[in-house]
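One structure below.
The values are calculated or read from the model by the stated rules, or taken from the named source; none is laboratory data. As the structure is a computational prediction, the values presented were derived from the model and not from experiment. All Cβ positions, glycine included, derive from the backbone under ideal geometry; neighbour counts span all protein chains shown.
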Amino acid sequence: MNIEKIYKDANAYLKGHFLLSSGKHTEYYLQSAKVLENPLLAKKLAKKLAKIITKAKIEADVVCAPAIGGILAGYELARALKIRSFFTERVGGEMALRRGFEVKKGEKFIICEDIITTGGSALESAKIIEELGGEVVAFAALANRGFCSRYGTNTSPKIECKLPNNVPFFTLDDFSFEIYDKENCPLCKTGSKAIKPGSRNN
Ligand code: ZN
């Protein structure tokens, strides 16, 4: 399965000047929503991810995804694993669990994103689950932007990666795009302005 080709074919592999949720800037952005607008493709990708997770003997009760980006990937992953699925969402900037979603003590969770960049939102979701008595047994994403180290490889995570070292991270592919602090962004230096992906038709 060629994830890069799937993203390119879906016009989901964007080039420009983007502002990430971490506040960093980047020239390339993976707009997973464009891939996941095709439910059959979403199903196929999630099935493959589920297979990798099952092969690693990870068992879970629930997939939890940070909204909005993670919801579709998380839902399809849960379908493939035949377990529950819900999501955390930001309320005034803070990640929260709402809508009556429940964590039972000792339940095992997979935190699923569409893309893991630094893993900041995934980590915030994991903290909520743990505070409520759940156990996070894995992180998962359709694609990894190359900062965190995926299960089965022996590369070290980069300093930007926020995922814990002692919990496996499963993904279908690695991409390595540079990200920049605003102050050092070469794209900003050309006078262009970073835009939030999802705005202005991207
Ligand atoms: Zn910039």
Residues (within 16 Å of Lys24 (Cβ to Cβ) and touching a Ser or Thr at 6+ places or on another chain (Cβ under 8 Å)) located in segment 158-202: Glu160, Cys161, Lys162, Phe177, Glu178, Ile179, Tyr180
Inter-residue pairs, beta-carbon under 6 Å, first under 20 Å from Gly16 (Cβ atoms) and in segment 26-48, second of a type in the set (S, T, N, Q), 6+ apart: Lys34/Asn11
Hits in segment 166-183 - residues which are at pLDDT 90 or above, within 15 Å of the ligand (Cβ to nearest atom), in contact with a strand residue (DSSP E or B) (Cβ under 9 Å, 6 or more places away or on another chain) and not in a strand (DSSP E or B): Asp181, Lys182
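Specify which of the listed residues (Cys148, Cys188, Cys161) is within 16 Å of the ligand (Cβ to nearest atom) and not in a strand (DSSP E or B). Don't jump to the end; show me each part of the working.
On the way: Cys148 fails: within 16 Å of the ligand (Cβ to nearest atom); Cys161 fails: within 16 Å of the ligand (Cβ to nearest atom).
Going through Cys148, Cys188, Cys161 in turn, just one is within 16 Å of the ligand (Cβ to nearest atom) and not in a strand (DSSP E or B): Cys188.
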Subset of segment 129-156 [surrounded by 19 or more Cβ atoms within 10 Å (Cβ to Cβ) and free of Cβ contacts under 8 Å to residues at least 60 places away in the same chain]: Val136, Phe139, Asn144, Gly146, Phe147, Cys148, Ser149, Arg150
Hits in segment 75-91 (condition: under 15 Å from the mean Cα position of the chain (by Cα) and part of a helix (DSSP H, G or I)): Tyr75, Glu76, Leu77, Ala78
Selection from segment 94-126 of residues that are within 24 Å of Tyr28 (Cβ to Cβ) and assigned to a loop (DSSP other than H, G, I, E, B): Thr117, Thr118, Gly119
